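First the structure, in the form of structure tokens, and then the observations on it.
FYI, it's all coordinate maths here, none of it is from the lab. All figures in this text were calculated on a predicted structure; none of them were measured in a lab. Reconstructed Cβ throughout: ideal geometry from the backbone, glycine too, with neighbour counts over all protein chains shown.
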Amino acid sequence: MCHRHLTFKTSSLCGHLIFTEGRDVDCQETGCYISSLHPRNCAAISGRARCQCRRYYTRPERVIEQNESLPTKCPGCSSRSTT
Ligand SMILES: [Zn+2]
Ligand SMILES: [Zn+2]
Ligand SMILES: [Zn+2]
């Protein structure tokens, strides 16, 4: 199923997670409306009035790159310490 792939790194200053990258993962299934392999004329092929394929993203996949830390504070901490 299609989902978002979210990459986080740890801040070496505050220890919190920092979001670094997000991308869409395509499930490559024809029965998924979001997938790039979903046929444009899906409804016609399946003989339905309209496409009834699923068109939602499942739970995002969070990947934390433990061995790579960033020398900046996370957005939460940096906004709090701008005095
Ligand atoms: Zn999909
Ligand atoms: Zn469809
Ligand atoms: Zn923080």
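Filter segment 9-41 for residues that are among the basic types (Lys, Arg) and out of contact with any Phe, Trp or Tyr (no Cβ under 9 Å at 6 or more places or on another chain); which is nearest to ligand 3 (Cβ to nearest atom)? Please lay out each step first, then the result.
From segment 9-41, those among the basic types (Lys, Arg) are 9, 23, 40; that's our starting set.
Subset that is out of contact with any Phe, Trp or Tyr (no Cβ under 9 Å at 6 or more places or on another chain): 23, 40.
Values: Arg23: 24, Arg40: 45 Å.
The extreme case among them is Arg23.
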Under the condition of being assigned to a strand (DSSP E or B) and basic (Lys, Arg), which residue from segment 43-77 is surrounded by the fewest Cβ atoms within 10 Å (Cβ to Cβ)? Arg59
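Looking at Phe8, Phe19 in this structure, which one is buried (at least 16 other Cβ atoms within 10 Å of the Cβ) and aromatic (Phe, Trp, Tyr)? Lay out the reasoning, then the answer.
Working: Phe19 fails: buried (at least 16 other Cβ atoms within 10 Å of the Cβ).
None of the other options fit; the residue is Phe8.
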Look at Arg40 and say whether it is free of Cβ contacts under 8 Å to residues at least 60 places away in the same chain and surrounded by 15 or more Cβ atoms within 10 Å (Cβ to Cβ). no
Subset of segment 1-40 (residues that are assigned to a loop (DSSP other than H, G, I, E, B), within 22 Å of Ile64 (Cβ to Cβ) and either touching a Cys at 6+ places or on another chain (Cβ under 7 Å) or within 16 Å of ligand 2 (Cβ to nearest atom) (or both)): Met1, Cys2, Cys14, His16
